[in-house]
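See below for the structure under consideration.
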Amino acid sequence: LRLAETATHLTRQVAAGRAGVLKLGFTAASAYDFLPRLVTALRQRLPEVTLALREMVSKDQLEELLAGRIDAALVRPPVTHPDLTAVRALAEPLVVALPAGHPLAVRDALAPGEIGGEPLVAYAPNEARYFHDLILGLLTEAGIQPRIVQQLTQIHAILALVRAAVGIALVPAAAESLHVEGVVFRPLALPAPRPVELVLAWRRDGDDPLIARLVAILSALSPA
């Protein structure tokens, strides 16, 4: 009888989006700050939901999402496939990462023109296309031809080269939470905001009530 009651309770919880398994993809950079906050909120509000987390680049997440191997994805925009829908999960500013002894490290904030002549550790155009396009776009708008010395994919690897004084870098503000020794961060002063965005994507034809719960929690966590 107890087993039957438990099964009935679980069935009702799953139907209400309060139990079950949620397969969620995420990018490596989202794990620096946003993902821990989201996971904490999910565990508090949906304690009977089991999270199955998978770290992947955005392109791979979207492929897994379309194939039905994950339920939702935390990816970089844009999400243009007609079978997917998305909402913004996070918008954060870019900051300048510099070696601790760099002359510009004494400044409170830096404008693009002040970093234009510096060697730049940039993002790979294929594997990290979102960041590559965002940063080259804003530098081009400022009339700067960047002096790129290295192109990498992961932010922690970029910060390692900044620490070694290979160059400076533009990274999302969440990278400060890594506390890389020998690297300092300064705000990037822009004439108009150019935030780093993260979106939550899922399949349009999905009817999983857990997705609605996830979107509601996300809205409370990151109000527009």
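When we screen P195, P172, P187 for residues that are surrounded by 14 or more Cβ atoms within 10 Å (Cβ to Cβ), touching a helix residue (DSSP H, G or I) at 6+ places or on another chain (Cβ under 7 Å) and either touching a residue at least 60 places away in the same chain (Cβ under 8 Å) or of a type in the set (K, R) (or both), the only hit is P172.
Taking the stated definitions as given, is V180 touching a helix residue (DSSP H, G or I) at 6+ places or on another chain (Cβ under 9 Å), aliphatic (A, V, I, L, M), open to solvent by less than 50 Å² (accessible area, probe 1.4 Å) and in a loop (DSSP other than H, G, I, E, B)?
yes
Each residue in segment 119-129 was checked for being surrounded by 15 or more Cβ atoms within 10 Å (Cβ to Cβ) and either farther than 14 Å from I158 by Cβ or touching a Cys at 6+ places or on another chain (Cβ under 7 Å) (or both), and 1 pass.
Has segment 89-98 got at least one residue that is charged (D, E, K, R) and open to solvent by 30 Å² or more (accessible area, probe 1.4 Å)? Within segment 89-98, not a single residue is charged (D, E, K, R) and open to solvent by 30 Å² or more (accessible area, probe 1.4 Å).
Only one of these conditions is not met by A220: (1) more than 30 Å from V106 (Cα to Cα); (2) touching a strand residue (DSSP E or B) at 6+ places or on another chain (Cβ under 7 Å); (3) of a type in the set (A, V, I, L, M, F, W, C); (4) open to solvent by 50 Å² or more (accessible area, probe 1.4 Å). Which number is it? Only one criterion is unmet by A220, namely (2). Consider L94 carefully, then state whether it is more than 16 Å from the chain's Cα centre (by Cα) and modelled with pLDDT of 95 or more. Against the criterion (more than 16 Å from the chain's Cα centre (by Cα) and modelled with pLDDT of 95 or more), L94 does not qualify.
Screening E114 on (1) touching a residue at least 12 places away in the same chain (Cβ under 8 Å); (2) open to solvent by 40 Å² or more (accessible area, probe 1.4 Å) shows it passes everything except condition (1). Restricting the first member to segment 118-138 and to residues that are in contact (Cβ under 8 Å) with a residue 60 or more places away in the chain, and the second to residues that are among the basic types (K, R), the beta-carbon pairs closer than 7 Å and six or more apart or on different chains are Y130/R76; L134/R194. Scanning segment 198-215 for residues that are assigned to a helix (DSSP H, G or I) and either closer than 23 Å to A174 by Cβ or among the charged types (D, E, K, R) (or both) returns R213, L214, V215.
The values are calculated or read from the model by the stated rules, or taken from the named source; none is laboratory data. Just so it is clear, the model here is predicted, and its values are computed rather than measured. No Cβ is skipped: glycine too gets one built from the backbone with ideal geometry, and neighbour counts run over all protein chains shown. Only protein heavy atoms, including side chains, enter the accessible area calculation; ligands, DNA and RNA are left aside. Shrake-Rupley method; radii C 1.70, N 1.55, O 1.52, S 1.80 Å.
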